[in-house]
Amino acid sequence: MPKGTSQVGRTVASGDTTTAAIDMRGSSLVAIYVPTLDSGTVTIQGSKDATAANFAPLKDTSAATIQVAASTGGFWIDADYLARFMGIPWLRIVCGTAQTSAREFVVVTAQG
């Protein structure tokens, strides 16, 4: 892993759709590994703090929820796409459908 970066795993439990909160204060997103999913989409929600009730989907300028289509194999979401989430202090990852097995996402961040 390049100097100044770190990674954290976040799991979507079997029968669930959402990871635990990811503290982004003082960090920038570099990449997210999306594991093989049952189906659906992946969205990223943001919040001012770690309180579950405060998370909301991120939307583009036309008010459409920002999402990535899931695939049958794992893949990485790159820094260019993730730049739109800069400055949001808390994030979590949400699958569009409940998963039949636990799914481990990997979030790579850089300091600053």
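Read-outs: derived from the displayed coordinates by stated rules, not from any lab. Just so it is clear, the structure is predicted and the values come from calculations on it, not from any experiment. Ideal geometry is used to build each Cβ from the backbone, glycine not excepted, and the neighbour counts take in all protein chains shown.
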Honestly the chain on the Cα gyration tensor test (a ≥ b ≥ c root eigenvalues; a/c under 1.5 rounded, otherwise a/b vs b/c for prolate or oblate) is just rounded
So what is the 222 nm mean residue ellipticity for the chain from helices alone, if each DSSP H run of at least 4 adds -39500 (n - 2.57) and you divide by all residues, rounding to the nearest 500 deg cm²/dmol?
-500 deg cm²/dmol
Among 71, 27, 62, which one shows the biggest mean-square fluctuation in a GNM of the chain, springs joining Cα atoms closer than 10 Å?
62
For the chain, set up a GNM with springs between Cα atoms under 10 Å and report which of 78, 60, 38 has the largest fluctuation.
60
Surrounding charge for residue 97, neighbours by C-beta under 12 angstrom, Lys/Arg +1, Asp/Glu -1, total -1
Charge sum, other residues only, whose C-beta stays under 11 Å from residue 43's C-beta, Lys/Arg counted +1 and Asp/Glu -1:
+2
